[in-house]
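Input: a single structure, listed below in structure tokens.
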Amino acid sequence: MEDEFMTTNKSREVFEWIKSLVVAVLLALLIRYFVVEIFLVEGQSMYPTLENSQRLIVNKFVYRFREPDREDVIVFEYSDDKDFIKRVIALPGEEIKISEGQVYIDGDPLDESEYETKKINDNYGPEAVPEDKYFVLGDNRDNSMDSRSDSVGFIHEDKIKGKAFLIFWPLDDVGSI
């Protein structure tokens, strides 16, 4: 009788462990799909803000409640197997122009003193940003494939995966973006 009781207890315990693991895996998948995702920085297009091989946490939830803001660092789908990370510069309906490296939004110079960029004497536009789209640039303007490139162009809001908000690796670089 006691052996039967022990076997039943062990079976219940195993079942509880399995149930807990299934719930944990489902929660992890839901969080990864809807809330946050890990992103690996590849390349120097966002230098000096972000460096090659840093790992970031991207908030996938924030843009369900609000639109991206100017200066947000976003991750977006470039192709089926490639994501890019860039900074939002111009919003839907605005006119973007770059003249000798200076960015203008609706004719006014953009103050980029809040973040460091590596500028070049570049020219672009003027172009109107279509509705539901954004104009993005890398902070390392000389080494960035961004909205200035025909292969990237304006970013449709449906392609935006989320806002990068935290560097968590390497440990020496941990901090907010």
Computed over the stretch 1-156, protein heavy atoms only, probe 1.4 angstrom, the accessible area per residue in square angstrom equals 62 Å²
Per the Cα gyration tensor, the stretch 99-177 corresponds to an equivalent ellipsoid with semi-axes, largest first in Å, of 24, 18, 12
With the 8 Å Cα cutoff and a minimum separation of six or more residues, the chain has a relative contact order in percent of 24 percent
Output row, site GLU67, 7 Å Cα→C-beta label point, backbone N cut-off 12 Å, window the stretch 78-103, residues 90-95
Scoring the stretch 21-108 by relative contact order with C-alpha pairs under 8 Å, at least six apart, yields a percentage of 17 percent
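How much length is gained on full extension from ILE38 to SER113, taking 0.36 nm per residue of separation minus their Cα-Cα distance?
On the way: separation 75, 0.36 × 75 = 27.00 nm, distance 2.78 nm.
The span from ILE38 to SER113 would gain 24.2 nm if fully extended.
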Output ordering of 150-158, 163-171, 68-76 (per-residue mean of other Cβ within 10 Å, highest first) is 68-76, 163-171, 150-158
For the chain, the dipole about the Cα centre with charges only on Cβ (Lys and Arg +1, Asp and Glu -1), to the nearest 20 debye, works out at 400 debye
Full extension between LEU26 and ASP81 adds, at 0.36 nm per residue less the Cα distance, a length in nm of 17.4 nm
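Starting from 0.36 nm per residue, how many nanometres of slack lie between ASP132 and SER53 once their C-alpha separation is accounted for?
Values: separation 79, 0.36 × 79 = 28.44 nm, distance 3.09 nm.
Answer, rounded to one decimal: 25.4 nm.
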Rounded to the nearest 500, the 222 nm mean residue ellipticity computed for the chain from DSSP H runs (n ≥ 4, each -39500 (n - 2.57)) alone is -7000 deg cm²/dmol
Of the candidates ILE89, PRO109, PHE76, the farthest towards the positive dipole end of the chain (Lys/Arg Cβ +1, Asp/Glu Cβ -1, centred on the Cα centre) is PHE76
Restricting to lysines and to Cα separations under 22 Å from LYS86, and discarding same-chain partners fewer than 8 apart, the set is LYS60, LYS97, LYS118, LYS119, LYS133, LYS159, LYS161, LYS163
Highest GNM mean-square fluctuation among ASP132, ASP142, ASP108, for the chain with Cα springs under 10 Å, belongs to ASP108
Quick calc: nm separation of the 7 Å Cα→Cβ label points for ASP106 and LYS10 -> 7.3 nm
The stretch 89-177: relative contact order from alpha carbon pairs under 8 Å, six or more residues apart, as a whole percent, is 24 percent
Taking Cα atoms only, helix 2-34 is inclined relative to the longest principal axis of the chain by an angle, in degrees rounded to 10, of 10 degrees
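The values are calculated or read from the model by the stated rules, or taken from the named source; none is laboratory data. These numbers were taken from a predicted model, which means no experiment stands behind them. Neighbour counts are summed over all protein chains in view; Cβ atoms, including those assigned to glycine, are modelled from backbone coordinates with ideal geometry. Heavy atoms of the whole protein, side chains included, go into the accessibility calculation; ligands, DNA and RNA do not. Shrake-Rupley method; radii C 1.70, N 1.55, O 1.52, S 1.80 Å.
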